[in-house]
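The values are calculated or read from the model by the stated rules, or taken from the named source; none is laboratory data. As the structure is a computational prediction, the values presented were derived from the model and not from experiment. Backbone-built Cβ (ideal geometry, glycine too); neighbour counts: all protein chains shown. Each accessible area value is taken on the protein alone, full model and side chains, heavy atoms only, with ligands, DNA and RNA left out. Shrake-Rupley method; radii C 1.70, N 1.55, O 1.52, S 1.80 Å.
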Amino acid sequence: MEALTQFVNAINGIVWGPPMLVAILGTGLFLQLRLKFMPIFKIGMGFRWVWKSRTPDENAKGDITPYAALMTALAATVGTGNIAGVATAIALGGPGALFWMWMTALVGMATKYAEVLLAVHYRETDTRGHQVGGPMYAIKNGLGKNWKWLGMAFALFGGLAGFGIGNMVQSNSVADVLNVTFGIDKWISGIVMTVLVGFVLIGGVKRIGAVAQKIVPFMCVAYIITSLIVLGMYIQEIPAAFALIIESAFNPVAATGGFAGAAIMLAIRYGVARGIFSNEAGLGTAGIAQAAGKSKNPVESGLVGMMGTFIDTIIVCTMTGLVIIVTGVWNSGVNGAALSSSAYATGLPGVGEYVLAISLAFFAFSTIIGWSYFGEKCWEFIAGTAITMPYRVLWTGFVMVGAVTQLDFVWLVADTLNAFMALPNLISLLLLSPVIVKLTNEYFANK
């Protein structure tokens, strides 16, 4: 087992090395340039479309509102990455890693916009009359049947990765944090989560969307308010925190306290990698959710979809990062969710760690139901709709497995499969970029 772990670890180091990070950032920057930075200039319009998408045109194709589709995508992305991922980036790359997370999000908005636009433009109606889409359909219908193998590769990697990164890793995080903070046995957490996930999945995308649009806004707003309370208590430290973030992004950070020091490359590497892990721009998952949304125009879906990256990283991750830095615990030598917990416990003694534990539980649970839909559509692309119910049963069972199992190897494999998911998606985005630009220009020319 140790040899297998070392082998997968070596592959992970290659696929998440500088070439992959350059490919993801480079694709996002290329799309931003092709779109003349429209995703950044149209952030205000994006928020307006998010609000407007709660009540779409009922004559439009789709199964749920674009707002519910966005909440489903956000449910999958706002997870442990926003708490543990940000903390890991800062603990290993220094405060400058947060700056590179921001840069990843700003170019990632173009990537997410393009993913969603193509997913909606090339979506299909399945045998049950539901709208389905995503990178696999964009590849098949946009690049032609000769490229279907690439779509199959994306679906296979996505379908397998989901059981790890979107399921077991999340349920394990919930069981672990509830055990440490409240003393709840892991098997009890596992049973409760399994029952809740099974109840949601029985109702399909409509129930997933309905649950997501109730849970996600509540958990994000509650987390942001808590973070703002801490930041309000340390308001005098905020200017220095921003200065430290900017300075550390472009200069090596010396060892201090329990922090071992970090070169600029480490800040970039961990900032970009954890940023992508958090917002999933480049993985193509958001398009799978948005393809189910009622929409008459793929550009409008893209505008709604790109806001997921902004909300996830620019808002939620920034809250976590700033709290870690202003409370002074970033160089304590602690890592992961424990570092975030330490920051909130310092900022709100006697309360903060409990708030963070509950937030992590909500974030991770929402990721499980969001990713369940992504994985379902991947397997349906490969095997047809007959696989739907067996998949849902299997997915629900793996929630329990994840809650009570040590998952270091599963995390490693899933993280590696995520990189393999990104490759087919990035290829399709680059090859179909003329379609993205054409549809975008036509839409705004008619406005």
By the Cα gyration tensor axes a ≥ b ≥ c (a/c under 1.5 gives rounded; else a/b larger than b/c gives prolate, otherwise oblate), the shape of the stretch 105-213 is prolate
Helix 408-431 versus the longest principal axis of the chain: what angle, 0 to 90°, nearest 10, using Cα atoms?
-> 50 degrees
Which order do the peptides 5-18, 428-441 take when ranked by the mean count of other beta-carbon atoms within 10 Å per residue, highest first?
-> 428-441, 5-18
Taking square-rooted eigenvalues a ≥ b ≥ c of the alpha carbon gyration tensor, is the stretch 206-251 rounded, prolate or oblate, where a/c under 1.5 means rounded and, failing that, a/b exceeding b/c means prolate?
-> oblate
For the chain, calculate the relative contact order in percent as a whole number, restricting contacts to Cα pairs under 8 Å that are 6 or more residues apart.
-> 37 percent
Whole number in Å², please: accessible area per residue of the chain, 1.4 Å probe, ligands, DNA and RNA not counted.
-> 38 Å²
Give the peptides 375-384, 236-245, 355-364 in descending order of average Cβ contacts within 10 Å, highest first.
-> 355-364, 375-384, 236-245
Relative contact order as a percentage, the stretch 315-377, C-alpha pairs under 8 Å and 6+ apart, gives 22 percent
May I ask you to give the percent of accessible area on the stretch 114-233 that is carbon plus sulfur, with a probe radius of 1.4 Å?
-> 68 percent
How much length, in nm to one decimal, is gained on full extension between Gln406 and Asp185, taken as 0.36 nm per residue of separation minus their Cα-Cα distance?
-> 78.1 nm
Going down the table (Lys52/Lys447; Lys145/Lys447; Lys52/Lys214), which pairs top 24 Å between alpha carbons?
-> Lys145/Lys447
Nearest-ten-degree value, helix 18-34 long axis tilted from longest Cα axis of the chain = 60 degrees
Within the stretch 68-109, backbone nitrogen closer than 14 Å to the virtual label 7 Å beyond the Cα of Lys296 toward Cβ | none
Using DSSP to define loop residues, name the chymotrypsin sites (Phe, Trp or Tyr not before Pro) in the stretch 254-355 whose beta-carbon has at most 13 other beta-carbon atoms within 10 Å.
-> none
Is the stretch 303-447 rounded, prolate or oblate when judged by the Cα gyration tensor, a ≥ b ≥ c being the square roots of its eigenvalues, rounded requiring a/c under 1.5 and prolate requiring a/b larger than b/c?
-> oblate
What is the gain in length, in nm to one decimal, between Lys61 and Asp126 on full extension, counting 0.36 nm per residue of separation less the C-alpha to C-alpha distance?
-> 22.1 nm
Which distance in Å, rounded to a whole number, links the C-alpha centroids of the stretch 322-367 and the stretch 111-176?
-> 32 Å
When the accessible area of the stretch 354-447 is split by element with a 1.4 Å probe, what percent falls to carbon and sulfur?
-> 72 percent
The chain: angle of helix 2-15 to the longest principal axis, Cα-based, in degrees nearest 10 = 70 degrees
Provide the net charge surrounding Ile208, with neighbours chosen by a C-beta distance below 14 Å and charges set as Lys +1, Arg +1, Asp -1, Glu -1.
-> +3
Given R₀ = 25 Å, FRET efficiency for Ala240-Met265 by Cβ-Cβ distance, to 0.05?
-> 0.55
Expressed in angstrom and rounded, the centroid-to-centroid distance over alpha carbons for the stretch 11-77 and the stretch 261-286 is 16 Å
Would you work out which of His130, Leu150, Phe182 lies farthest towards the positive end of the dipole of the stretch 82-231, given +1 charges on the beta-carbon of Lys and Arg and -1 on that of Asp and Glu, about the Cα centre?
-> His130
Taking 0.36 nm per residue of separation and subtracting the Cα-Cα distance, what length does fully extending Lys214 through Ile202 add?
-> 2.6 nm
Take the solvent-accessible surface of the protein heavy atoms, probe 1.4 Å, and return the percent of it on the stretch 45-112 that carbon and sulfur atoms account for.
-> 63 percent
